[in-house]
Amino acid sequence: MTDMETSIDPSRTIWNPVQRDSATFLVTSAESGGTVTRLEIRLAAGGGNQLHLHRSYAEHFQVLEGELGVEIAGERRVLRPGEPAVVPAGTLHRFFSVNDQPARFIVELRPGHAGMERALRIGYGLARDGLTNDRGIPRSFLHLALAADLSDIAITGPLSVLNPVFRLAARIARARGVEAELVRRYCPAETAAPRPALAAV
């Protein structure tokens, strides 16, 4: 167990042992009256995400330590401490490690997005329980569909045909009580009491 794992407060900071990064909830959507979700991300060397977009909120990046690569609407930049970047809603983007050093940065969602907050907690929780692949993607299609729906992520390009499939699968997952079980297990700020280990759906 790493120092990061032993020092985190599960109500504010979540740790992903697969991606080797953490997210700290500095301000939640509920706490800001829906204005903003503010997160501090500690990104491991070699980390990052794939190109995607969010339909309903913008992302504001500010680097605190290290260097962070961002790709926004096809333009790549390297952000250093104090340098900001803004991703308007509906814009294809990603962030990524640019060297062999970790990076620490703030990302704000405007307006705040409780669904993304929930999706992060669930995704990191599934990774801790061994229910994701080696890229941190949920093995269960219902879990994956819920994460995409909660975080308002849209896939672009040829795979965009999956967007309506994800929405339908998310509705099925909710009807089966899958989301409620994931929330009970991984979202301590919303509910208490740990649950038994989950099996892949």
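Computed values, structure above
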item: Selected residue [among the basic types (Lys, Arg), over 24 Å from Asp152 (Cα atoms) and touching an Asp or Glu at 6+ places or on another chain (Cβ under 9 Å)] from Arg38, Arg42, Arg77; result: Arg77
item: Residues that are over 16 Å from Ala73 (Cβ atoms), out of contact with any Lys or Arg (no Cβ under 7 Å at 6 or more places or on another chain) and assigned to a strand (DSSP E or B), drawn from region 94-106; result: Ser97, Ala103, Phe105
item: Output for region 35-76, where each listed residue is touching a residue at least 24 places away in the same chain (Cβ under 8 Å), loosely packed, with under 15 Cβ neighbours inside 10 Å and over 22 Å from Ala148 (Cβ atoms); result: Thr35, Ala45, Gly46, Leu64, Glu65
item: Every residue from region 137-169 that is within 14 Å of Leu182 (Cβ to Cβ) and of a type in the set (Lys, Arg); result: Arg139
item: Among (1) over 23 Å from Phe96 (Cβ atoms); (2) within 15 Å of the chain's Cα centre (by Cα); (3) not charged (D, E, K, R), the one test that Phe141 misses; result: (2)
item: Meets criteria (touching a residue at least 24 places away in the same chain (Cβ under 8 Å), in contact with a Ser or Thr (Cβ under 8 Å, 6 or more places away or on another chain) and either more than 19 Å from Glu59 (Cβ to Cβ) or not assigned by TED's automatic domain parsing to the domain that holds Phe25 (or both)) for Arg139; result: yes
item: Condition met for Val86 (farther than 14 Å from His52 by Cα, surrounded by fewer than 17 Cβ atoms within 10 Å (Cβ to Cβ) and free of Cβ contacts under 8 Å to residues at least 24 places away in the same chain); result: no
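The values are calculated or read from the model by the stated rules, or taken from the named source; none is laboratory data. Quick caveat, the model's predicted, so the values are computed rather than measured. Please note: Cβ atoms are built from the backbone with ideal geometry, for glycine as well, and neighbour counts cover all protein chains shown.
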